[in-house]
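No value in this document is a laboratory result; all are computed from the given coordinates. These figures come from a predicted structure and were not determined experimentally. Here the Cβ positions follow ideal geometry from the backbone for every residue, glycine too, while neighbour counts run over all protein chains shown.
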Amino acid sequence: MNAQVMDGKTVAQSVLERVKILSERFWEHTGRQPGLAVIMAGDDPASAVYVRNKKKACRRVGIAFFEVHLPRDADESRIMEQIHRFNMDDDCDGMIIQLPLPEGMDADYFLEQIDPGKDVDGFHPLNTGKLWLGTAPIAPCTPAGIIKILEAYNIQIEGREAVIAGRSAIVGKPTAALLLARHATVTLAHSRTTRLDEICRRADLLVTAVGRPGFFGADHIKPGAVVIDVGINRIDLDSAGPKWLALDSPIADKLRENGHALIGDVHPRAAIERASYFTPVPGGVGRMTVAMLMHNTITLAGIRLGIDPGDSPV
Ligand code: NAD
């Protein structure tokens with residue numbers, strides 16, 4: 001069996017086009033663009049790339065972007081000041097604290113200070129609770145992107161056995177809540193799960209989010225399963241690279257060209273040979289995350305101002 005690749009780029013593009021229409025409609029109602037604020041502290045290079053991508057996406061869909069970049073040694077009160085500022089700012093509809101924060105800072109504490117109505121990442125405890133109750137207007141961006149891509153390919157969720165490997169608060173747990181709300185039978189596996197391969201092999205729908213390159217192989221995938229690979233792992237030619245060079249795939253080409261490459265949690269050959277559909281890395285779920293952030297921003301902006309954004313909640 002040769003699995004069908006689920007093209008995150010195309011699905012993300014259609015989400016962004018929709019957001020653009022909605023933000024134009026928002027402008028017609030309010031005379032301003034919806035606004036997204038990002039607070040970053042420190043100089044994590046990956047975070048800098050993510051913030052740049054968010055800014056680019058905002059420009060593309062007509063969302064105003066407010067960026068605050070504080071130094072690594074900034075006093076915690078300065079982060080607090082910015083959170084309060086954006087909580088009060090009527091031009092700001094959504095706010096993100098870019099994670100990770102510098103070592104020693106308690107991200108949960110800051111996340112709790114965000115106005116839950118502006119919590120576009122959906123990480124505030126109130127919104128986490130609402131997600132499990134099925135009353136949240138939005139969901140965290142990566143899990144929301146998983147649902148969107150499943151819907152785009154008309155994958156049946158109801159009644160199917162879903163296994164999610166990884167129980168983080170940003171991916172595994174909210175994905176479990178969303179799949180459960182759509183009537184899947186959900187198992188949440190993690191690093192202490194025994195017989196992980198057996199459990200994964202039960203899955204009609206396997207979501208992997210553990211952060212280990214190519215960890216899930218043929219033994220983990222039921223023939224015909226839908227495999228959603230959330231993992232984004234960088235491998236280098238010097239370390240893990242040689243193991244992947246023999247693979248006849250774009251990963252090996254990238255490794256040869258650049259000395260490094262991105263790879264998911266699922267072994268690409270296993271996904272192609274065993275699954276019916278799978279999301280590639282890169283070009284799968286990763287593409288959806290920023291698109292869903294834009295979607296969440298326009299949704300919360302509409303709710304805040306009592307304008308029907310025209311789309312049902314995720
Ligand atoms: P995390 O480190 O917070 O959580 C990892 C989870 O994996 C934990 O629950 C842990 O119990 C589980 N785990 C670790 N080793 C395991 C093993 N051997 N067997 C079973 N479970 C195991 O990670 P995270 O933030 O959820 O991210 C996971 C992966 O997803 C990373 O590669 C990350 O880069 C990627 N990610 C991608 C996106 C995206 O937009 N596509 C967004 C967020 C995270």
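Observations on the model:
- Charge dipole (the chain, unit charges on Cβ, about Cα centre) - positive-most of His84, Ala152, Ala275: Ala275
- Relative contact order for the range 200-281: 40 percent, from Cα pairs under 8 Å spaced at least 6 residues apart, divided by residue count.
- Taking every alpha-carbon pair under 8 Å whose residues sit at least 6 apart, the chain reaches a relative contact order of 24 percent.
- The fewest-to-most ranking of Arg192, Arg202 by surrounding Cβ atoms within 10 Å reads Arg192, Arg202.
- Sorting Ser191, Ser23 by the number of Cβ atoms found within 10 Å of their own Cβ, with the fewest placed first, yields Ser191, Ser23.
- For Pro71, neighbours were defined as the other residues whose beta-carbon sits under 11 Å from its Cβ, and their charges (Lys and Arg +1, Asp and Glu -1) total -1.
- The chain: angle of helix 172-181 to the longest principal axis, Cα-based, in degrees nearest 10: 90 degrees
- The range 141-287, relative contact order in percent, only Cα pairs under 8 angstrom and at least six apart counted: 23 percent
- Overall shape: oblate for the range 68-132, with the ratio a/c of the largest to smallest alpha carbon gyration tensor axis at 1.5 or above and b/c at least equal to a/b.
- In the chain, the longest principal axis of the Cα atoms and the axis of helix 285-304 are about 30 degrees apart.
- Within the listed set Ala64, Ala291, Ala165, the Gaussian network model of the chain (springs between alpha-carbon atoms below 10 Å) gives the highest mean-square fluctuation for Ala64.
- DSSP beta bridges in the range 141-287 [antiparallel fraction, %, rounded to 5]: 20 percent
- With Cα atoms, 0 to 90° folded angle of helix 76-88 axis to the chain main axis: 70 degrees
- The value for the range 1-90 of Rg(Cα) / (2.2 N^0.38 Å) is 1.40.
- Hull volume per residue, based on the alpha-carbon atoms of the range 188-314 and their convex hull, is 142 Å³.
- Placing unit charges on each Cβ (+1 for Lys and Arg, -1 for Asp and Glu) gives the range 1-58 a dipole about its Cα centre, and among Gln13, Phe26, Val49 the Cα reaching farthest toward its positive end belongs to Phe26.
- Among Trp132, Ala165, Ile63 the positive-end extreme of the charge dipole of the chain (Cβ point charges): Ala165
- Asp197 paired with His260, simple spin-label distance in nm, labels 7 Å along Cα-to-beta-carbon: 3.2 nm
- Choice from Val120, Val230, Val186 with maximal GNM fluctuation in the chain (Cα, 10 Å cutoff): Val186
- Centroid-to-centroid separation of the range 123-161 and the range 60-90 [C-alpha atoms, Å]: 27 Å
- DSSP-defined beta bridges in the chain - what % are antiparallel, rounded to 5: 10 percent
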